[in-house]
Amino acid sequence: MNFALGFKPPTAAAATAAGSSGPGPGSGSGATMENLEKQLICPVCLEMFSKPVIILPCQHNLCRKCANDIFQSANPLWQSRSAASVAAGSGRFRCPSCRHEVVLDRHGVYGLQRNLLVENIIDIYRQQESSRRVNQQVKLLLCASINGGCCKNK
Ligand SMILES: [Zn+2]
Ligand SMILES: [Zn+2]
């Protein structure tokens, strides 16, 4: 499987807009949300990215814990935070999406840049998802209690 995760580099405008806006009108955006969800799937765990999200030099994104898993299995002798045991001083692993080799310094995956834009998008997406679900439940409850169940087929 080959996930082409093509996020453009974060722009200041998008980052600030993402931080300040509340849940907007979400009706009629089902397809958009589905496409968006595909962009937010980690190629390693195949779930939505879990924070913190890091961005590789090849512009692909990974959960930091997934990047760490790959990195640890590629460099079994490398141990984070114990500089004494790091003889070479660097480790490397390959991007699971494009096989680009990523070279890490002694900070390991903690030295990689976080992708705050993706983290913001995930936050907003989760908010939208939960408010959509709540709205549906509220509608059903109201319907059942007030109208005696107009949502059911008569
Ligand atoms: Zn992951
Ligand atoms: Zn890549």
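Readers should treat all values here as calculations from the given coordinates under stated rules, not as data from a laboratory. Note that the structure is a prediction, hence the values are computed from the model and not measured. Here Cβ is always computed from backbone atoms with ideal geometry, including for glycine, and neighbour counts include all displayed protein chains.
Under 5 Å from the amide H of HIS100 lie the amide H atoms of CYS95, each residue being 5 or more positions distant or on a separate chain, with H modelled from the backbone and absent for Pro and chain starts.
Near PRO52, once Lys and Arg are set to +1 and Asp and Glu to -1 for all other residues with Cβ below 11 Å from its Cβ, the sum equals +3.
Excluding same-chain neighbours fewer than eight residues apart, the aspartates and glutamates reachable from LYS38 by a Cα-Cα span under 14 Å are GLU47. Distant-in-sequence amide contacts of ARG92, defined by a placed amide H-H separation under 5 Å and a gap of 5 or more residues or a different chain, comprise LEU104. Between GLU34 and SER130, the simple spin-label model (points 7 angstrom out along Cα→Cβ) gives 2.5 nm. Backbone geometry of region 112-123 corresponds, through the Karplus equation with coefficients 6.51, -1.76 and 1.60 at θ = phi - 60°, to 3J(HN,Hα) couplings of 7, 6, 7, 9, 5, 4, 5, 4, 5, 4, 5, 4 Hz, x marking Gly and Pro. Annotation for GLN113 and ALA144: the two label points, set 7 Å from Cα along the Cα-Cβ direction, are 5.0 nm apart.
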